[in-house]
1. Residues that are among the basic types (Lys, Arg) and within 21 Å of residue 302 (Cβ to Cβ): does the range 214-235 have at least one?
2. For the range 2-43, which residues satisfy the criterion of being aliphatic (A, V, I, L, M) and touching a helix residue (DSSP H, G or I) at 6+ places or on another chain (Cβ under 8 Å)?
3. Pairs under 6 Å by beta carbon, first residue touching a residue at least 24 places away in the same chain (Cβ under 8 Å) in the range 62-82, partner open to solvent by less than 80 Å² (accessible area, probe 1.4 Å) and among the basic types (Lys, Arg), six or more apart or different chains?
4. Within the range 329-388, which residues are in contact with a Pro (Cβ under 6 Å, 6 or more places away or on another chain), closer than 27 Å to residue 412 by Cα and either open to solvent by 70 Å² or more (accessible area, probe 1.4 Å) or not in a helix (DSSP H, G or I) (or both)?
5. So which of 215, 204 ends up being under 24 Å from the mean Cα position of the chain (by Cα), farther than 28 Å from residue 14 by Cβ and either at pLDDT 85 or above or not hydrophobic (A, V, I, L, M, F, W, C) (or both)?
6. Only one residue in 17, 23 is open to solvent by 40 Å² or more (accessible area, probe 1.4 Å), of a type outside the set (A, V, I, L, M) and not in a loop (DSSP other than H, G, I, E, B). Which one?
7. Counting just the residues of the range 458-467 that are of a type in the set (S, T, N, Q) and open to solvent by less than 20 Å² (accessible area, probe 1.4 Å), which one comes out farthest from residue 501 (Cα to Cα)?
8. Quickly run through the range 143-156 and pick out the residues that are open to solvent by less than 40 Å² (accessible area, probe 1.4 Å), out of contact with any helix residue (DSSP H, G or I) (no Cβ under 6 Å at 6 or more places or on another chain) and either without any contact (Cβ under 8 Å) to a residue 40 or more places away in the chain or not in a helix (DSSP H, G or I) (or both).
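The values are calculated or read from the model by the stated rules, or taken from the named source; none is laboratory data. Quick caveat, the model's predicted, so the values are computed rather than measured. Don't worry about glycine lacking a Cβ; one is built from the backbone with ideal geometry, like all the others, and counts go over all protein chains shown. Please note that ligands, DNA and RNA were not included when accessible areas were found on the heavy atoms of the full protein model with its side chains. Shrake-Rupley method; radii C 1.70, N 1.55, O 1.52, S 1.80 Å.
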Amino acid sequence: MAENTQAPILIARNVSKTFYSTKALQKVNFELLPGEVHALMGENGAGKSTLGKCITGIYQAEEGEYIYQGRKVHYNNPKEALNDGIAIVMQEFNMLPHLSVAENLFLTDDNFYKNKVFVDYPKMVKRTDELLRYFHMREIIDPMEKLANLTVAEMQIVEIIKAMSKNAKVVILDEPTATLSTKEVNRLFDMVRELKNKGVSFIIVSHKINEIYEISDRITVFRDGQLVLANAITRELEENDLIKAMVGRQVNDLYGKGINREDKISDEIVLDVQHISDKKNFVTDCSFQVRRGEILGVSGMVGAGRTELMRCVCGIDPRSTGRVIFMGKELKKNSITSCIKAGVCYLSEKRKEEGLHQTLSIINNLNMVNTAIAKQRIIKTSVEEENCKKMVGELNIKVGEPFNAVSSLSGGNQQKILLGKWLLSNPKLLIIDEPTRGIDIASKSEIYVILRKLADRGISVVVISSEINEILGISDRVLIMREGRIVNTMARSEMTEEKIGYYATVGSEEGELA
């Protein structure tokens with residue numbers, strides 16, 4: 001990108017916002033140039049999402065001002081901002097899933113009503129069709145398709161097209177790729193680039209450093225509600241310097257790549273999976289082993305069958321064939337209870353939906369598994385409190401009061417609660433799916449350290465991850481899956497991003513990397 005010497009299209013000056021006693025923003029400044037992608041980064045709670053919400057009127061700041069296209073503006077709500085050309089697309093979409101794409105785009109637009117009463121649905125569909133074709137999305141998205149039937153990426157694209165229908169000049173994307181596959185991320189970024197070439201400016205809030213380096217022109221970093229790095233040119237900013245700005249300290253080796261764990265791994269086979277297939281005919285004839293103290297990575301594209309395979313191993317999903325031998329004994333088929341009692345734990349990637357009960361307390365969540373498998377019916381409150389204290393200390397979990405709802409914690413601390421909940425059952429094997437999805441850099445680093453320490457203690461760990469860098473950084477060995485099959489296994493010394501990507505997409509057991 002050539003240096004952009006134009007005047008900023010959007011400026012935020014001395015913006016401050018407080019929630020109760022927490023200073024979410026402290027006199028922060030930000031500027032956005034015409035036709036640029038500007039990344040806004042920082043840890044959870046740094047204030048980056050809060051700024052976008054203040055700009056668009058979702059929140060009202062206590063002080064500060066906004067200059068848009070050379071004039072001072074103030075919006076009371078996002079609709080006012082959108083009508084003026086500033087759109088925000090949040091993680092929680094503001095759309096109606098039971099209605100069609102066309103209705104979601106124009107339901108509140110008076111131009112699509114006859115006599116201001118009757119909906120002109122054919123006109124909505126026609127205009128939606130025109131917009132989808134203009135953005136090369138007509139083959140992917142049908143104007144009359146219910147929104148609920150779209151993928152998350154397609155829903156985001158609909159939100160962006162909605163903004164473009166209002167001739168938005170600025171689009172704020174809040175964690176747009178948190179739950180997207182690589183293919184969906186590429187599709188979204190292609191659209192961002194196309195709109196950027198048409199002069200649209202983007203603010204992207206994200207934790208994903210590799211994606212930010214791919215899509216952004218400049219980077220600004222907040223930490224604890226304050227501006228710590230402003231307007232850095234992406235191609236000139238070293239990754240270590242970006243991480244240091246985000247977490248407040250030097251992190252030279254996020255994953256611990258330089259750590260040699262060979263002497264920590266026993267030859268003892270803890271888990272021996274033999275030719276298992278699931279009843280949906282998706283997981284097919286998979287066999288692998290895990291040694292004591294080993295961290296085994298499971299890689300592959302989204303939809304490759306990684307999660308499905310491990311759910312079969314743990315008895316969550318029924319298998320049609322195969323055996324699972326754990327610690328020399330065959331586990332009861334399709335029984336998650338027998339797996340847990342034997343010492344096998346599965347930590348779901350759906351932390352909020354399947355891993356934790358958001359409305360229950362921190363202490364209740366931590367003791368849930370222990371209570372379920374305990375021989376006695378009643379667990380003393382004093383024991384639960386001691387368990388909570390133990391896990392909070394061991395895992396460095398930042399909590400207020402243990403009886404607060406677990407939903408009050410950040411994503412990183414919730415992930416630690418999920419880990420602690422299973423560690424209290426004294427597991428011998430941890431299977432953890434997407435261990436750092438949706439959490440910040442500092443918390444990621446802590447999770448990697450925790451997993452490595454658990455493995456050093458002799459607990460075997462299986463890590464399912466969509467991030468190849470994470471697999472390369474944390475794993476002693478990797479299984480690569482494609483279309484429900486294990487297509488290759490590599491030792492740490494053999495693993496490269498190129499090799500993993502090759503086998504995950506086109507390679508096979510017999511194939512060779514050119």
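1. No, that holds for no residue.
2. Within the range 2-43, the first condition is being aliphatic (A, V, I, L, M), and the residues that meet it are 2, 7, 9-12, 15, 24-25, 28, 32-33, 37, 39-41.
Across the range 2-43, the qualifying residues are 10, 12, 15, 24, 25, 28, 37, 39, 40, 41.
3. Every condition considered, the pairs that remain are 82/166.
4. 343, 345
5. Working: 204 fails: farther than 28 Å from residue 14 by Cβ.
Being under 24 Å from the mean Cα position of the chain (by Cα), farther than 28 Å from residue 14 by Cβ and either at pLDDT 85 or above or not hydrophobic (A, V, I, L, M, F, W, C) (or both) holds for just one of 215, 204, which is 215.
6. Details: 17 fails: open to solvent by 40 Å² or more (accessible area, probe 1.4 Å).
Residue meeting the stated conditions: 23.
7. Applying the filter and picking the extreme gives 460.
8. 150, 154
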